[in-house]
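The values are calculated or read from the model by the stated rules, or taken from the named source; none is laboratory data. Note that the structure is predicted; figures quoted are calculated from it, not measured. Using ideal geometry, Cβ is built from the backbone for each residue, glycine included, and neighbour counts are taken over all protein chains shown.
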Amino acid sequence: MIIRLLAFASLFLLTVWAIAAEVTLIRFDKEAKRVIVTDGVAERSYKITEKTKFIAVDKKTGATKDVPYEKAVDGLTNPKAQGVLKLDITVQDGELIEAKMPGRKK
């Protein structure tokens, strides 16, 4: 009984596990709503959903600001960002939960 309970608890922890990492944008597939990134070792693809949160981070102050999806797409589809833009992402079950990116100067 205890072994089954421990197995269930372990399974539960694995299903809610979210991974955070710093990655570099390779490209963004707007039609499929997928972001393709590399962590320096492997290329990975993550699905963007309605729950995905985009955040701009000020390099100097560290202040954060939520970014609407449409504005985030502008940055992700910019040809100058491909292979250069660094993102701090949180993923779970192949879906992008949160993406922090450098804020743009106005």
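Quick look at the numbers
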{"read-out": "Segment 41-67 residues that are over 18 Å from residue 92 (Cβ atoms), paired with ones that are in a strand (DSSP E or B) and modelled with pLDDT under 90 (beta carbon under 9 Å, 6 or more apart)", "value": "56/102; 57/102; 58/102; 59/102"}
{"read-out": "Residue 31 without any contact (Cβ under 8 Å) to a residue 12 or more places away in the chain and either farther than 11 Å from residue 101 by Cβ or under 14 Å from the mean Cα position of the chain (by Cα) (or both)", "value": "yes"}
{"read-out": "Scope segment 73-97; condition in contact (Cβ under 8 Å) with a residue 60 or more places away in the chain and part of a loop (DSSP other than H, G, I, E, B); matching residues", "value": "84, 85, 93"}
{"read-out": "Segment 1-45: number of residues that are modelled with pLDDT under 70 and surrounded by 11 or more Cβ atoms within 10 Å (Cβ to Cβ)", "value": "1"}
{"read-out": "Test for residue 62: is it modelled with pLDDT under 90 and surrounded by 15 or more Cβ atoms within 10 Å (Cβ to Cβ)", "value": "no"}
{"read-out": "Test result for residue 70, free of Cβ contacts under 8 Å to residues at least 12 places away in the same chain and in a strand (DSSP E or B)", "value": "no"}
{"read-out": "Subset of segment 75-92 [loosely packed, with under 13 Cβ neighbours inside 10 Å and over 15 Å from residue 23 (Cα atoms)]", "value": "79, 80"}
{"read-out": "Of all residues making up segment 41-67, the number that are part of a strand (DSSP E or B) and farther than 18 Å from residue 30 by Cα", "value": "6"}
